[in-house]
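Down below is the structure, laid out as structure tokens.
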Amino acid sequence: MTHFTVLSLFPEMFTALTEHGISSRAIKQQQLSLTVVNPRSFTEDRHRTVDDRPYGGGPGMLMLLEPLCKALQAAQSQVLARSAAPAKVVYLSPQGTVFNQAKAQQLASLDEVILIAGRYEGIDQRFIDHWVDEEISLGDYVVSGGELPAMMVIDAAARCIPGVLGHAQSAAEDSFFAGLLDHPQYTRPEVFRWDEQDYPVPEVLLGGNHQAIRRWRLQQAIGQTWLKRPDLLANKTLTDEESALLAAFKQALHTSE
């Protein structure tokens, strides 16, 4: 079981994970564990202050070092009480390496992960320098705090934990799992009629030929990746079958134009 501990000023936000969807089910089935530690609980002044102005001036506020350190110490004590493995400490930051499926799988393989959800203009750099093992970003944009990125990291990692999705193939066929986008998916009705126009399901999916379906799905996955995310193919070595399927996809696309 992977245990995530989050340091956050807004622990109530994480009910989105603990009370809803796949992550909630995983927690109830003891496949995933989630604890939230609030740095505000470790303040000593009557205003429970967790932020202050940065040295050198400038806009915004920074999260104070002492409440963060005390919250991390409390989280690490909880880790030591239940696990022999030390926790990996991750700070959600726009300056981090971009999160991807491989990183989700890596985090899912760990026993203990502590996520730091910053707020305001960020956190005191000394905390990052001395207590953070890795910084992770969800992309080249800025949000109001680290809570939503932390939830996305936990949700993505949870899907990689064996048994969480129920069907073993569910995670393996997700986009990015094999370095490709997912193939198109269809469900009932077989022919959808709208505004006097028919929208049928591809014929190959209806015939029951599992080998033909496998090849079509693989071709579509490779083709859609080539169209939408060619950067993913640049880092992937295609098999002979995959190369042939991509060539046929390109030819069919050229013919239809």
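The values are calculated or read from the model by the stated rules, or taken from the named source; none is laboratory data. In this text, all values refer to a predicted model and were calculated from it rather than measured experimentally. Please note: Cβ atoms are built from the backbone with ideal geometry, for glycine as well, and neighbour counts cover all protein chains shown. To get the accessible areas, we keep the full protein, side chains included, count just its heavy atoms, and leave off ligands, DNA and RNA. Shrake-Rupley method; radii C 1.70, N 1.55, O 1.52, S 1.80 Å.
General observations
- Cα coordinate range in the range 53-165, projected on the principal axes (Å, largest first): 50, 34, 18
- Grouping the Cα pair distances of the chain into 10 Å bins from zero gives a pair-distance distribution of 6, 24, 27, 20, 14, 8, 2, 0 percent in increasing distance order.
- Counted over all Cα-Cα pairs of the range 111-157, pairs farther apart than 13 Å make up 61 percent.
- 5 angstrom amide H check on VAL89, placed H, neighbours 5+ away: ILE114, ASP133, GLU134
- Positive minus negative residues near SER83 (Lys, Arg vs Asp, Glu; Cβ under 9 Å): -1
- Ordering of 29-36, 227-234 by packing [mean C-beta count within 10 Å, highest first]: 29-36, 227-234
- The tail of the calculated P(r) for the range 78-138, taken as Cα-Cα distances beyond 15 Å, holds 54 percent of the pairs.
- Proximity of backbone amide H atoms, modeled 1.01 Å from N, is registered between ASP51 and LEU64 at under 5 Å, excluding neighbours fewer than 5 places apart on the same chain.
- When the solvent-accessible area of the range 8-149 is split by element, carbon and sulfur atoms take up 50 percent of it, the probe being 1.4 Å.
- For the range 143-257, the Kirkwood estimate of the hydrodynamic radius, built from every pair of different alpha carbons, is 16.8 Å.
- Each stretch of four or more DSSP H residues adds -39500 (n - 2.57); spread over every residue of the chain, this sum gives -12000 deg cm²/dmol at 222 nm.
- For the range 1-121, a Kirkwood radius taken over Cα pairs fed into Stokes-Einstein (10 °C, viscosity 1.306 mPa s) yields D = 101 µm²/s.
- One quarter of the convex hull surface built on the alpha carbon atoms of the range 52-113 amounts to 5.7 nm², the projected area averaged over directions.
- Take the range 93-218 with all the other protein chains still there, run a 1.4 Å probe, and you get 60 Å² of accessible area per residue.
- With every protein chain in place and a 1.4 angstrom probe, the accessible-area ranking of TRP131, TRP226, TRP216, TRP194, largest first, reads TRP194, TRP131, TRP226, TRP216.
- Looking at the range 16-99, the chymotrypsin sites (Phe, Trp or Tyr not before Pro) that sit in a DSSP loop and have at most 16 other Cβ atoms within 10 Å of their own Cβ are TYR55.
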